[in-house]
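For reference, the structure is listed below as structure tokens.
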Amino acid sequence: MAPRCSCTALLAVSLMVLALLAGLFAPHSAVCWPAVSLAVAAALLPLWVRSLRRRDDGTSRRVCVLVLGDIGRSPRMQYHALSLSKHGYHVTFVGFSGETEVSFGPKVVSYVTKVMVQSLQLLRVLLTMELQNPPGLPSIAVTWFVCLLRGSRFIVDWHNYGYTIMALSHGPAHPTVRLAKWYERFFGPLASHNLCVTNAMKDDLQKNWGIKATTLYDRPASIFRETPLKLQHELFVRLAAVYPQFRHAGSEAERTIFSVRDPADGTVTPRAERPALLLSSTSWTEDEDFSILLTALEEYEGFIKGGASLPPLLCVITGKGPQKEHYMKLIDSLHLEHVEICTPWLEAEDYPLLLGSADLGVCLHKSSSGLDLPMKVVDMFGCCLPVCAVHFNCLDELVKHEENGLIFKDSAELAEQLKTLLSDFPSLDGKLGTFRRNLRSSRGQCWDDNWDQNVLPLITAPR
């Protein structure tokens, strides 16, 4: 018996010869040349697929981590890439550098055009490079197709459902949203393995999609930890050079609104009359309603004016995104005496330092599906920073009310929580200090151990 590859090649060549002969002897047929083209394509496809897989022989230690978005805003995927690399895999990280936008005409036209352009981009990149993938249109189908051609393993990490994010701006009944929902439900089960971020999502995938997934909780990277006082001061000095909210009214170069450095021996001490540092980070998208925080800050201002013994606040909101300009107008319209709001864009290395320097975190992320968890809270907990977070289903898998933070439903409840937590500031004897101590004692499993336990076996298991 001839080798299998020889049989495939012989069949392909025979089809091509027959197709070309048909074209030569029936050149004027209306259907001849389209048929010839299809026959030639059908003949060449097995040869191309075999050549593609032969090129991939010996590359079982190669992995592609694909993000259909800004790599800088995908920490979970960055952590996957690092973990794979630590285990000796040659990792190719595919994604966009910064935001990419195709926008013209009606939204539906822009979206269809964007899907077509990204499909072609993905095909070119994935077929020419020497797969873990977030769900979304068009990445699932394109990646599944390429993995089928190349004989590669296809793993989907479900951070959220793409169609639920689209529904925030279009509504759940919009034809595009319904198409995206069908698309994810059709192609999702075709993956070799599936990961997800919560047990609630694991149950939903099994019950409604027929997908068996492994829960891989987000864990903070090692860079997220409490910031030593000396590094806090250096950070505040750098920020004070750009943002006046961090500057002290005096002229001393070694003094900020939070800290002071003794020029004689270099000792850094926190200022006794310093404000509380409230921190929130955002992508300024539809799933975060920052008017809740702004209204709560106005109520907090009212508490102080009413005679409550509370510290002044510096509220720092980091990040960039489509709705930032809208909220900046709202911020500029506020008239606050005891609350300052700063919206800096931080260097990557400064963000964990600021988290580790803050007194309290606020999270306004509302899951579009009610099944994912905010990565920003994971990072805050890595810095032992207590959090006030807006309620949604499954949040209790991360935020334990009255243990490591508080959960609120509206601006009035958030304002009362700020008042309660900061009433003893800067003392650590109150509830805020208790939450911080609880976080220190329950840091839990790190990302690397969690990944080794749940993901590595899926990748190393025989096919």
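The values are calculated or read from the model by the stated rules, or taken from the named source; none is laboratory data. What you see is a predicted model; the values in this text were computed from it and never measured. All Cβ positions, glycine included, derive from the backbone under ideal geometry; neighbour counts span all protein chains shown. These area figures cover heavy atoms from the full protein model, side chains too; ligands, DNA and RNA do not enter into them. Shrake-Rupley method; radii C 1.70, N 1.55, O 1.52, S 1.80 Å.
May I ask you to give the average projected area over all directions of the convex hull of the Cα atoms of the stretch 413-463, in nm² rounded to one decimal?
On the way: hull surface 23.2 nm².
Computed as one quarter of the Cα hull surface, the answer is 5.8 nm².
For the stretch 338-386, what is the accessible area per residue in Å², given a 1.4 Å probe and the full set of protein chains? Provide the component values of the computation, followed by the final result.
Details: 1290 Å² over 49 residues.
With the other protein chains kept in place, the stretch 338-386 gives 26 Å² per residue.
Write out the trypsin sites (Lys or Arg not before Pro) in the stretch 315-385 meeting two conditions: DSSP loop, and at most 16 other Cβ atoms within 10 Å of their Cβ. Walk me through the numbers before you get to the answer.
Numbers: sites: K320, K324, K329, K366, K376; in loops: K320, K366.
Those that pass, being in a loop and sparsely packed, are K320.
For R436, what accessible area in Å² do you get when you roll a 1.4 Å probe over the heavy atoms of the protein chains, rounding to the nearest 10?
Rounded to the nearest 10, the figure is 30 Å².
In the structure displayed, which of K181/K329; K202/K366; K86/K207 lie more than 27 Å apart, Cα to Cα? Walk me through the numbers before you get to the answer.
Details: K181/K329 35 Å; K202/K366 19 Å; K86/K207 35 Å.
Beyond 27 Å between Cα atoms: K181/K329; K86/K207.
For the stretch 281-405, give the percent of accessible area contributed by carbon and sulfur heavy atoms, probe 1.4 Å, rounded to a whole number. Walk me through the numbers before you get to the answer.
Details: 2240 of 4700 Å².
With neighbouring chains kept in place, the figure for the stretch 281-405 is 48 percent.
Calculate one ³J(HN,Hα) per residue across the stretch 380-388 by plugging θ = phi - 60° into the Karplus curve 6.51 cos²θ - 1.76 cosθ + 1.60, and present them in order as whole Hz with x for glycine and proline.
Values per residue, Gly and Pro as x: 4, 5, x, 8, 6, 9, x, 9, 9 Hz.
Please calculate the 1.4 Å probe accessible area of E397, with all protein chains present, and give it to the nearest 10 Å².
Rounded to the nearest 10, the figure is 50 Å².
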